Amino acid sequence: MELFLMTLTTGIMVGGIYALVALGWVLIYKCSGVLNLAMGELTLIGAYVTLSFYTAGVPFILSVICTLIIGIVLGILVERIFLDRLIGEPILAVIMVTVGLSFFLKGAIGFIWGTDTMVFTPAIFSLKPFTIGFLKISTVYFWSFILAIVLFLVFVAFFKYTRWGLSMQATADDETAALSLGVSARFVYAAAWAIAFMSAGVGGALLGNINGINISIGYLGLLVLPAVVLGGLNSIPGAVVGGITIGILQNFAGTYLDGFFPGGVKEIFPFAFMAIFLLFMPYGFWGWEKIERM
Amino acid sequence: MTRVWLPCGDYHQYYAEDQGWWQTNVVKGKMIFLLLIVFVIIPLFAQYEIIIDGYWLGVANMIGYTALGALGVQLLIGYAGLITLGHAAFIAVGAYTSTLLILRFPWPQFAIDWGIAYPISIIIAGLVAGLWSVLFGLPSARVKGFYLILTTMAAQFITVDFVLTQYVSKIGGRGQAFSLPPGTIKIGPWFIDTDIKVYFLMIILLTLTVMVMANLLRSRVGRAWIAIRDNDIAAETLGINIVWYKLLNFFVAGFMGGIAGAFWVSNCAALSPEHFPWFWSLWLVGVILIGGGGIDGAIFGSIFMVMVMELLQMAAIPLAEYYPKILFDFAFIKDAAFGLAICAFLIYEPRGISYRWWQIKNYFNLWPFSY
């Protein structure tokens, strides 16, 4: 029972980070219809940028804020250079541009930071877990979860209460109507990519705190795909639920299935789950159902 | 539209002629010339080391392997609209089936003496990879587009990162890799142990695959695939069984992937799951995007990508004198160059090299009196 509860809490907390990354993904899809396969690399970039700032002596919170600013710049650049020209192209072209982008970014990251695993030194969070009741919670997970949730709320507030956020919502809802009301669609696309870079970057920085930073963080960023499929591609609450569910499922698979299938069941279980889930509910729990008889 | 340019005043009398492979004598001559080059001239040059030495023969084998894989991807993406990002999984299944059959199957003595073990294993590898591909193609009955991409990605992770790495690689207690010492692979009286023999195996397999694929595409099956790609709902109203044809497409593409994998076995000394990363699936899709549509697109793309990477490497070697880290980091440069190439082609040349080739041919067909 204790093992069960601990797995559950760890799952929820890691899932919180996935949810943050998934938010960025869903936002890009909602606003511009781009299915982004470069999310893993966005996560990696965030992790490495934060690490670089932190190693240079900037306090952690400040380095996260610097990462956010760099994320905005990179997001706008990427959108302007690569994706702006492909609006309205077939789905394969757009997806493959994001794949090309992911290769480019991966190459650039490898060139700049190398392949060795790097850790935040000195460690930001203490290694000693703290206890609530009988639950032992690792400090890293706890604070990462809190930070992820805070950022998530900031983003949601941004959409609900600011003029820019509202214009993004309008574009996501009906692009033509938004354009006729004077919303600049190009601005919205750029903003969506900027936010995706920001959320993925902070997600990456938090994930990097858990096990150190190397290329495998990029793989964790890919886990956002099962998460968004589960929640439905264009639903922000779906992204939260999906992210947390994937976190929980992954940890349960690691704890309970590892005995039966030794090896990397924890890594591939979300994808196997996604493949089967797609057979039954391709539009996820909250996605828009497009009725297409096949 | 037939892709063959006909001189003014030439008409076909029968549909059979219209569907023919070599419609004019010029086309026939060109194709025979091409076959002559790949089957006779390149091996002869390699034999006497004129221009082509062992290194470039290795590059040619790499091009052939890429083309064999890319043809399967072209069949899925280019002809049936089934976007796949997991084709390396099927290549891996083929490679492992073939290896396991060669190394572990109790072949009767005559099979080893006559050297038919490896050819049989190639065919079985194709069949197994095809069936494995159908298994992951099943969701295509219900989903398409992005969702299919996710399923094929899942195929990649489940097959290579889990089944092959954790279980199949451990058969026989070898740990990570199956070693294939020279002399293991034998076709008829020949041991496939030198680059030139691998080259011949590659070019024969590639020619056969291209022939099979070209024939399939001008048959009922190929027309059904193209109809599904263009509009699946309309195709269904025409009485095409969509699910059956999609699964058939997955099977044929998987079969080709399996053959590619089984071929690759002959070219490497040891087989491990690292030969088939997700990167390789994406690479194959990139190859056909750069190459453009059609069978020639897949081959142009393979030549282009492999050659560009070779040239990059050759450019990197002299630079290493001034900046030694560049050799160590070459894998990253390769990644970045590949990514940029995909993006640049999609943005500036979305129809790929084969379209450009088609334009050049048309220009010279009318040269010097174009309109």
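The values are calculated or read from the model by the stated rules, or taken from the named source; none is laboratory data. Nothing here was measured: the structure is a model prediction, and the numbers come from that model. Virtual Cβ from ideal backbone geometry, glycine too; neighbours counted across all protein chains shown. Surface areas here come from the heavy atoms of the whole protein model, side chains and all, with no ligands, DNA or RNA. Shrake-Rupley method; radii C 1.70, N 1.55, O 1.52, S 1.80 Å.
Whenever a residue of segment B:27-40 is without any contact (Cβ under 8 Å) to a residue 24 or more places away in the chain, its partners that are surrounded by 13 or more Cβ atoms within 10 Å (Cβ to Cβ), lying with C-beta atoms within less than 8 angstrom and at least six residues away or across chains, give the pairs B:27/B:4; B:28/B:22; B:31/B:22. Among the residues of segment A:19-41, those that are within 14 Å of chain B (Cβ to nearest Cβ) and closer than 19 Å to residue A:213 by Cα comprise A:38, A:39, A:40, A:41.
One line per residue, one yes/no per condition, for (1) open to solvent by 70 Å² or more (accessible area, probe 1.4 Å); (2) within 14 Å of chain B (Cβ to nearest Cβ); (3) in contact (Cβ under 8 Å) with a residue 40 or more places away in the chain:
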| residue | (1), (2), (3) |
| --- | --- |
| A:93 | no, yes, no |
| A:96 | no, yes, no |
| A:103 | no, yes, no |
| A:120 | no, no, yes |
| A:125 | no, no, yes |
| A:129 | no, no, no |
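Here is a yes/no grid of residues against (1) of a type outside the set (Val, Ile, Thr); (2) closer than 25 Å to residue A:48 by Cα:
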residue: A:200; (1), (2): yes, yes
residue: A:214; (1), (2): yes, yes
residue: A:224; (1), (2): no, yes
residue: A:227; (1), (2): yes, yes
residue: A:256; (1), (2): yes, no
residue: A:267; (1), (2): yes, yes
residue: A:283; (1), (2): yes, no
residue: A:286; (1), (2): yes, no
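All of (1) open to solvent by 70 Å² or more (accessible area, probe 1.4 Å); (2) part of a loop (DSSP other than H, G, I, E, B) hold for residue B:23 with one exception: (1). Considering (1) of a type in the set (D, E, K, R); (2) more than 21 Å from residue B:206 (Cα to Cα); (3) touching a residue at least 24 places away in the same chain (Cβ under 8 Å); (4) away from chain A (no Cβ under 13 Å), the lone condition that residue B:274 does not fulfil carries the number (3).
Looking for something open to solvent by 50 Å² or more (accessible area, probe 1.4 Å), polar (S, T, N, Q) and part of a helix (DSSP H, G or I) - is there at least one such residue anywhere in segment A:197-209?
No: zero hits.
The selection criterion, being surrounded by fewer than 21 Cβ atoms within 10 Å (Cβ to Cβ) and either within 14 Å of chain A (Cβ to nearest Cβ) or within 14 Å of residue B:257 (Cβ to Cβ) (or both), holds for residue B:145. The helices (runs of 4 or more DSSP H) falling completely within segment B:151-255 that include 3 or more residues that are modelled with pLDDT of 80 or more, under 19 Å from residue B:98 (Cα atoms) and more than 12 Å from chain A (Cβ to nearest Cβ) map to B:195-217. The residue list B:179, B:169, B:98 contains one member that is touching a residue at least 60 places away in the same chain (Cβ under 8 Å), among the hydroxyl-bearing types (Ser, Thr, Tyr) and surrounded by fewer than 16 Cβ atoms within 10 Å (Cβ to Cβ), which is B:179. If you scan segment A:131-167, which residues turn out to be assigned to a helix (DSSP H, G or I), over 28 Å from residue A:59 (Cβ atoms) and either open to solvent by 80 Å² or more (accessible area, probe 1.4 Å) or modelled with pLDDT under 85 (or both)? Across segment A:131-167, the qualifying residues are A:159, A:160, A:161, A:163, A:164, A:166. Looking across segment B:117-142 at every residue that is open to solvent by less than 40 Å² (accessible area, probe 1.4 Å) and aliphatic (A, V, I, L, M), the one that is farthest from the other protein chains (Cβ to nearest Cβ) is identified as B:117. The helices (runs of 4 or more DSSP H) found entirely in segment B:271-357 that carry 1 or more residues being surrounded by 24 or more Cβ atoms within 10 Å (Cβ to Cβ) are B:278-291, B:294-319, B:330-348. Taking the criterion of being open to solvent by 20 Å² or more (accessible area, probe 1.4 Å) and outside any loop (DSSP other than H, G, I, E, B), the residues of segment B:101-113 that qualify are B:101, B:102, B:103, B:104, B:109, B:110, B:112, B:113.
Take the conditions (1) at pLDDT below 90; (2) open to solvent by less than 10 Å² (accessible area, probe 1.4 Å); (3) part of a helix (DSSP H, G or I); residue B:82 misses just one of them, which is (3).
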